[in-house]
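Report on the following structure.
The values are calculated or read from the model by the stated rules, or taken from the named source; none is laboratory data. All values derive from a computational prediction rather than experimental measurement. As a convention, Cβ positions derive from the backbone with ideal geometry for all residues, glycine included, and neighbour counts pool all protein chains shown.
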């Protein structure tokens, strides 16, 4: 029996296995890095979407702020006028409580006053 | 025969070494393959997520835009509600009336009032809550203090003084107070201290730098 040959065979087998494991390790590393890159890119895409969405919404509110303020205020006043009207207040009282004019009341309570 | 007897034990040991060597190699490779498989699966999952995100970017942006839109609308509505609440308070509606009319929490309306310098006064024991605020009209070296106590509004004349007396504010004496202002006499001191503190603080000499005389509030340097 050639002991030297056997020892070399064992060594070769082990070296080949280590080389194969190292190769697999390199592939794993490449996959891990690629996965991390993909997740970073995904986060980037989401961030771009988020920025674009925020800019779009802010731009809209910046451009329409004045009109929206009037609209929201009118909605709140109309709601308050309806409440006062339902509680039995007169048009004069409502105008005085809310600081609105007859045209506003006519616009928002017209049908109510007609039926009152 | 002698040699064969000697070889057999080596052959057995070598066979055992080979088998163990093989086991170690298999274990090593199995572990490496497992790790590789896991990494490959993570990569595939991450790439799939990226691809899905890219494909849905438009929908994602639309959803996020809606979210920001809702947030900004809520902020703007809150601002408008605050401004309107203050206007309604200045129209002499009470905090609770304004809160009920505009569907707002009373604490929010009170916060708006306080930010605008309106002060809440609660009569001890009675549970009555009053709002006080004032405006200052200036006509050079004199003018009016317009004092609001709930639905009551009264004007007090002021003019600059001399020496340590920076400003004099004429107020009705105790005897004429109720007739002149419509505010109950027991609230006179509360009203005068409120005016004194506010005006003194507004002059920049400290909120405590005033004196109450029988017919005047004197703001001191």
### Query
Restricting the search to segment B:91-101, which residues are at the interface with chain A (Cβ under 9 Å from one of its Cβ atoms) and either more than 23 Å from residue B:135 (Cβ to Cβ) or surrounded by fewer than 15 Cβ atoms within 10 Å (Cβ to Cβ) (or both)?
B:91, B:100, B:101
### Message
Looking only at segment B:59-78, count every residue that is surrounded by fewer than 17 Cβ atoms within 10 Å (Cβ to Cβ) and either in contact (Cβ under 8 Å) with a residue 60 or more places away in the chain or more than 18 Å from residue A:59 (Cα to Cα) (or both) and tell me the total.
### Response
2
### Message
For segment B:198-218: of the residues being buried (at least 18 other Cβ atoms within 10 Å of the Cβ) and under 13 Å from residue B:134 (Cβ atoms), which is modelled with the highest pLDDT?
### Response
B:217
## Note on the structure
Restricting segment A:2-27 to residues that are loosely packed, with under 11 Cβ neighbours inside 10 Å and modelled with pLDDT under 90, the one farthest from the chain's Cα centre (by Cα) turns out to be A:2
### Query
Would you call residue B:59 part of a helix (DSSP H, G or I), closer than 30 Å to residue A:39 by Cα and either in contact with a helix residue (DSSP H, G or I) (Cβ under 9 Å, 6 or more places away or on another chain) or facing chain A (nearest Cβ under 8 Å) (or both)?
no
### Query
Does residue B:95 meet the test of being modelled with pLDDT under 95 and either under 30 Å from residue B:115 (Cβ atoms) or within 43 Å of the chain's Cα centre (by Cα) (or both)?
yes
### Message
Which of the strands (runs of 3 or more DSSP E) found entirely inside segment B:129-200 contain at least 1 residues meeting this: touching a residue at least 12 places away in the same chain (Cβ under 8 Å) and within 15 Å of residue B:218 (Cβ to Cβ)?
### Response
B:142-149, B:152-160, B:165-170
